[in-house]
Amino acid sequence: MTDFNRRHFMKASLATAALGVLANTTACSQTQNYQPKAVGKSVMGLVVPAMPLVRIGLIGVGERGVGYIGHFSNIEGALITAICDTDPITIARAKEMFQQNGKPAPAWYGDHPQSYLELLNRDDVDIVVIATPWQWHHPMAKAAMLADKHAFVEVPLALTLEEMWDLVDTAERTQRNCMMLENVCYGRDELMVLNMVRQGVFGELLHGEAAYIHELRWQMKEIERKTGSWRTAYQAKLNGNLYPTHGLGPIAQYMNINRGDRFDYLNSMSSPALGRAAYAKREFPADHQRNQLNYICGDINTSIIKTVQGRTIMLQHDTTTPRPYSRHNLIQGTNGVFAGFPNRIALEHGGNGDYHHWQTEMEPWYQKYDHPLWRRMGADAERNGGHGGMDFLMCWRLIYCLRNAEPLDQDVYDGAAWSAVLPLSVASVADRGNSKDFPDFSRGVWQTAKPLPVVGG
């Protein structure tokens with residue numbers, strides 16, 4: 001590390017030692033118009049020197065992170081050199097995976113909560129993949145960049161607007177990548193729709209709809225470990241959209257957010273918070289810790305986003321009510337619409353010309369508009385798995401970009417803008433649904449940045 005980065009790395013390490021508790025209501029008390037003075041140069045379209053071999057450090061290999069072991073182990077030019085996790089059971093499972101796949105064993109860390117700092121100090125780690133509880137995303141990503149590593153962070157990028165600005169500033173100062181790992185942008189359907197949008201199939205875009213509707217009350221039974229052991233507490237801390245990016249990421253890419261348009265402001269409202277308390281009362285003894293929490297997060301949150309170019313996006317969050325899974329994924333243009341869950345299309349010009357009825361047979365559309373990335377790697381993606389292949393394709397694509405000195409498909413501005421829905425929705429709900437402005441994390445660069453291309457990869 002350079003002397004500059006060493007000093008800032010140590011400062012970040014000391015600050016991180018004070019963390020480890022849930023983000024509290026500061027997430028809804030942000031100064032929305034706060035914009036720190038730039039301390040570096042833009043990382044829009046950042047290209048770093050090609051890496052013939054991408055050496056990977058994994059922080060967190062639990063319920064989400066364990067998949068990265070399998071994915072990176074099956075990608076040419078990727079090598080896992082170090083792993084950190086503080087759960088002995090999780091580490092034991094990871095070690096067994098390396099014994100079974102025959103790959104070189106990495107260095108292991110996890111004796112204490114700051115063990116990841118030891119991993120970051122290694123010279124044989126180029127990128128760091130962070131799959132930890134949410135409150136660790138910001139300090140770990142910042143420390144990684146200050147240690148001259150590229151940071152790849154599970155969703156959300158951070159919890160507060162100040163944290164998001166801090167990661168933007170750190171990326172610009174260090175010229176390191178800080179990518180939020182929004183895997184849904186690499187789903188077959190989402191990639192196909194992106195290709196269709198770029199070819200003008202839907203005309204001029206007007207409106208999008210996105211959601212994360214996923215009944216997860218069962219996670220409340222995970223008490224000592226696994227996702228529910230820490231995520232459940234957020235239901236008693238924040239009232240808003242706690243998990244916005246899965247549905248929003250693809251819509252943002254369709255609409256060229258941060259690349260010709262940007263989110264302007266948001267209005268958000270939540271339904272009553274009834275489902276979690278009712279579930280706890282039904283499933284746990286009266287004196288159980290799950291019955292001691294005051295669940296304040298509305299069962300269903302609905303937010304409306306307006307973009308600078310005047311487009312609208314409806315975004316919903318619901319992990320509580322009994323209903324089928326959906327990310328919604330609707331994009332409406334002047335020539336027609338695509339909607340997901342289930343997939344269907346209606347066009348005025350093109351297709352069968354009957355825009356009063358849905359076309360539900362997708363195979364002809366896949367044949368014509370499958371994204372080039374999926375045409376090339378779809379079979380491998382489905383074979384390697386991860387939410388239908390999107391996880392593997394995301395990992396393959398980021399390794400490809402790093403090995404070939406190409407810009408990544410998502411940058412720190414995307415991660416910050418998409419994640420900002422969390423604190424902004426909390427602030428709006430607390431203010432009777434009044435609008436809250438999105439920060440311009442790109443500091444105006446969005447106006448000249450080029451749209452995400454449809455790449456062949």
Where does each of 309-321, 384-396, 348-360 land if you order them by average Cβ count within 10 Å, highest first? 384-396, 309-321, 348-360
Of all beta bridges DSSP finds with both residues in the chain, what is the antiparallel percent, to the nearest 5? 50 percent
Rounded to the nearest Å, what's the spacing between the alpha carbon centres of the range 110-127 and the range 275-320? Just the number, please. 35 Å
If amide hydrogens are placed 1.01 Å from N in the peptide plane, which non-local residues have theirs closer than 5 Å to the one on Ile80? Ile56
Spin-label pair Lys281/Glu382, simplified geometry with 7 Å Cα→Cβ offset, distance in nm: 4.7 nm
Answer label, with Cα extents along the principal axes in Å calculated from the coordinates and candidates (1) 72, 50, 44; (2) 70, 50, 40; (3) 62, 57, 48: (3)
Which percent of the accessible heavy-atom area of the chain goes to carbon and sulfur, probe 1.4 angstrom? 51 percent
Please list 3J(HN,Hα) in residue order for the range 116-129, calculated via the Karplus relation 6.51 cos²θ - 1.76 cosθ + 1.60 where θ = phi - 60°; whole Hz, with x for glycine and proline. 4, 5, 5, 4, 5, 7, 7, 7, 9, 10, 9, 10, 10, 9
I'd like the FRET efficiency for Asn121 and His356, computed as 1/(1 + (r/R0)^6) with the beta carbon distance as r and R0 of 45 Å, rounded to 0.05. 0.10
The answer for the range 309-434, accessible area per residue at 1.4 Å probe in Å², is 41 Å²
Inter-label distance, nm, simple model (7 Å from Cα along the C-beta direction), Gln309/Asp87: 4.2 nm
Relative packing of peptides 37-46, 58-67 - highest average C-beta neighbours within 10 Å first: 58-67, 37-46
Quick one: which residues, 5+ away or cross-chain, put their amide H under 5 Å from the amide H of Asn258? H built at 1.01 Å from N. Phe263
If you plug each phi of the range 106-112 into the Karplus form 6.51 cos²θ - 1.76 cosθ + 1.60 with θ = phi - 60°, what whole-Hz ³J(HN,Hα) values come out, in order, with x for Gly and Pro? x, 6, 10, 9, x, 5, 8
Each residue of the range 286-298 in order: what ³J(HN,Hα) in whole Hz does its phi give by Karplus 6.51 cos²θ - 1.76 cosθ + 1.60, θ = phi - 60°, with x for Gly and Pro? 4, 9, 5, 4, 5, 8, 8, 7, 9, 6, 9, 6, x
Length-normalised contact order of the chain, Cα under 8 Å, at least 6 apart, in percent, tallies to 22 percent
One finds, for Glu222 and Gln99 with R0 = 25 angstrom and r their Cβ-Cβ distance, a FRET efficiency to the nearest 0.05 of 0.40
Amide H of Leu216 versus every other amide H placed in the peptide plane: which residues, excluding those fewer than 5 positions away on the same chain, fall under 5 Å? Thr320
Thr334-Met269 FRET efficiency (beta carbon distance; Förster radius 35 Å; 0.05 resolution): 0.75
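The values are calculated or read from the model by the stated rules, or taken from the named source; none is laboratory data. These numbers come from a predicted model, not from an experiment. Heads up, the Cβs are rebuilt from the backbone with ideal geometry, glycines too, and the neighbour counts pull from every protein chain shown. Heavy atoms of the whole protein, side chains included, go into the accessibility calculation; ligands, DNA and RNA do not. Shrake-Rupley method; radii C 1.70, N 1.55, O 1.52, S 1.80 Å.
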